[in-house]
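Below is one structure, written out as structure tokens; comments come after it.
The values are calculated or read from the model by the stated rules, or taken from the named source; none is laboratory data. It should be emphasised that the depicted structure is a prediction, and the values quoted were computed from it without experimental measurement. Don't worry about glycine lacking a Cβ; one is built from the backbone with ideal geometry, like all the others, and counts go over all protein chains shown. Each accessible area value is taken on the protein alone, full model and side chains, heavy atoms only, with ligands, DNA and RNA left out. Shrake-Rupley method; radii C 1.70, N 1.55, O 1.52, S 1.80 Å.
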Amino acid sequence: MRLEKETKKSVAIIGCGAAGLAALRHFSVEGSQFTCVCYEQTDNVGGTWVYTDNVGKDKYGLPVHSSMYKSLRTNLPKEIMELPGFPHKGPEDKSYVAANEMLKYLEDYADHFDLKKHIKFHHHVKNISPLEGDRWLVTAINLQDNITETSEFDGVIVCIGNYSNPVIPEVPGIEKFRGMKIHSHDYRDSSVFKDMSTVVIGCGPSGLDISFDIAKVAGKVYLSHHNQRVKNMKCPPNMVQKVDIQEVVENGVLFKDGSYEQVDSILYCTGYTYKYPFLSSECGIRVENNNVKWLFKHFVNIEHPTMYFIGIPTNTTGFWMFDLQVRCAKTFLEGKAKLPSKEEMLEDTRRDVESRLASGLRPKELHMMGRRSMEYYDSLSSLSGLDSVPPVVLQIYFDGFDRFMCDFSHFREDKYKLLDKDHYMVQFPNEVEPIMKKQEIASH
């Protein structure tokens with residue numbers, strides 16, 4: 001027994017949201033070749049799904065991680081927001097669930113697979129540095145005792161999520177504005193906007209969701225964006241779509257079409273960027289223009305390929321991707337599958353970047369998957385010898401997103417049910433019978 005423990009590899013998992021829990025499950029499974037420790041800064045599993053009234057700094061003086069707001073419901077069906085092998089227990093009468101229901105799902109997942117015994121809660125990772133032999137030195141602070149702990153590991157799995165580090169764009173004249181300015185990261189409750197005139201900058205999923213939420217209590221909501229798909233969306237009567245901002249003045253906003261609106265507040269729904277302040281420069285990772293460099297297949301540290309980043313790609317089926325990336329990382333660390341050489345990984349990444357730019361993606365969008373998702377998942381499957389993501393999952397993702405864009409006020413009333421890897425059923429509002437559909441996405 002002692003010999004078995006000595007021959008096992010050790011893995012550090014950073015963060016305990018959905019991605020971290022998937023990593024814990026696979027690396028701690030019975031018969032695993034690994035021992036693992038998960039460092040979690042808060043007192044609970046769930047990551048971004050853990051709601052807190054706090055904004056800014058927490059009680060330890062660290063930036064608040066969660067961007068969760070009170071009214072949030074999922075904008076994807078729960079049927080594709082589950083970690084493989086652990087389906088949602090309910091409710092069967094709805095597909096779009098509240099944040100606390102998603103958190104309960106993740107807590108149940110942790111309990112079902114007995115994962116909490118591997119988690120160090122209230123532990124803030126301060127530094128990670130490479131050691132000889134592709135090993136790692138991890139320095140963490142026990143926040144409750146203010147004690148610094150240092151441990152060595154054979155692998156590192158970074159699972160800190162993508163929605164904690166807000167991007168605030170430069171807006172001409174913004175420093176003159178006398179009203180309230182906040183980012184959606186700090187948005188918790190629409191009540192603070194009661195009877196206000198507000199400009200919301202950005203119309204991604206959060207921008208739309210929060211705009212509709214604020215419109216319930218605000219005097220006027222101006223949604224400033226340049227997304228042509230949103231242009232014809234039906235909005236509440238007190239919500240007006242506007243073009244991009246030209247300039248901000250003391251009490252209002254001048255838009256690029258020459259119109260002017262007097263407003264009390266500005267809300268940035270301008271997204272997030274990647275940050276890894278705990279990685280030493282020797283790790284070989286840097287973030288430029290929202291692009292994490294250099295990663296093979298968007299998750300392997302090319303310079304030190306015993307470090308993996310789970311969940312970086314966007315515009316895709318997150319939970320299923322987390323699970324696949326984790327299983328791939330485990331296969332590589334076990335030696336059951338071999339990564340290409342450093343030169344081959346760099347060349348593959350260069351070709352991927354060139355292809356994405358040629359397709360029209362901007363440099364800051366190089367981790368967006370969208371219609372490339374199946375090709376990406378199949379490439380991971382081919383490298384590792386593991387099963388890919390079922391195509392039907394992606395089909396529901398794209399169909400659900402289309403419904404989101406077409407009928408924002410009612411898309412959450414749709415009900416989905418997976419039948420097999422190729423078929424699913426969906427029931428739309430006011431439809432008596434559900435419709436059976438077949439996935440149409442080609443698997444490469």
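Once the piece of chain linking Glu92 and Arg286 is laid out straight, how much longer is it, given 0.36 nm per residue of separation minus the C-alpha distance between them?
Full-extension gain reported as 65.5 nm.
Could you please state, rounded to a whole Å, how far the C-alpha centre of the range 269-334 is from the C-alpha centre of the range 77-133?
Using only Cα atoms, the two centres lie 18 Å from each other.
Along the Cα-to-C-beta direction of Val64, a point sits 7 Å from the Cα; which residues of the range 171-197 have their amide N less than 14 Å from that point?
182-192
What distance in nm separates the two pseudo spin-label positions at Arg73 and Ile168, each 7 Å out from Cα along the beta-carbon direction?
3.2
Using Cα pairs under 8 angstrom and six or more residues apart, how large is the relative contact order of the range 98-218, in percent?
RCO, the range 98-218: 13 percent.
If R0 is 25 Å, what FRET efficiency do you get for His122 and Ser32 from their C-beta distance, rounded to 0.05?
Efficiency for this residue pair is about 0.45.
What trypsin sites (Lys or Arg not before Pro) in the range 126-232 are in a loop by DSSP, with at most 12 other Cβ atoms within 10 Å of the Cβ?
Arg178, Lys194, Arg229, Lys231
Please report the antiparallel percentage of the DSSP beta bridges confined to the chain, to the nearest 5.
Around 55 percent antiparallel, to the nearest 5.
From the phi of every residue in the range 135-146, what ³J(HN,Hα) in whole Hz does the Karplus formula 6.51 cos²θ - 1.76 cosθ + 1.60 yield, where θ is phi - 60° and glycine or proline is x?
Coupling constants for the range 135-146: 9, 9, 10, 10, 10, 10, 10, 6, 5, 6, 9, 6 Hz.
Given a Förster distance of 51 Å, report the FRET efficiency between Gln228 and Asn54 from their Cβ-Cβ distance, rounded to the nearest 0.05.
0.85
With a sphere of radius 15 Å drawn around the Cβ of Cys269, what net charge do the other residues whose Cβ falls strictly inside it have (Lys, Arg +1; Asp, Glu -1)?
Residues near Cys269 contribute -1 overall.
For the chain, set up a GNM with springs between Cα atoms under 10 Å and report which of Met321, Met405, Met374 has the largest fluctuation.
In the Gaussian network model the winner is Met405.
Can you figure out the FRET efficiency of Asp134 with Leu386, using R₀ = 30 Å and their beta-carbon distance, to the nearest 0.05?
That pair, Asp134 with Leu386, gives E of 0.85.
If you roll a 1.4 Å probe over the heavy atoms of the protein chains, what accessible area per residue do you get for the chain, in Å²?
47
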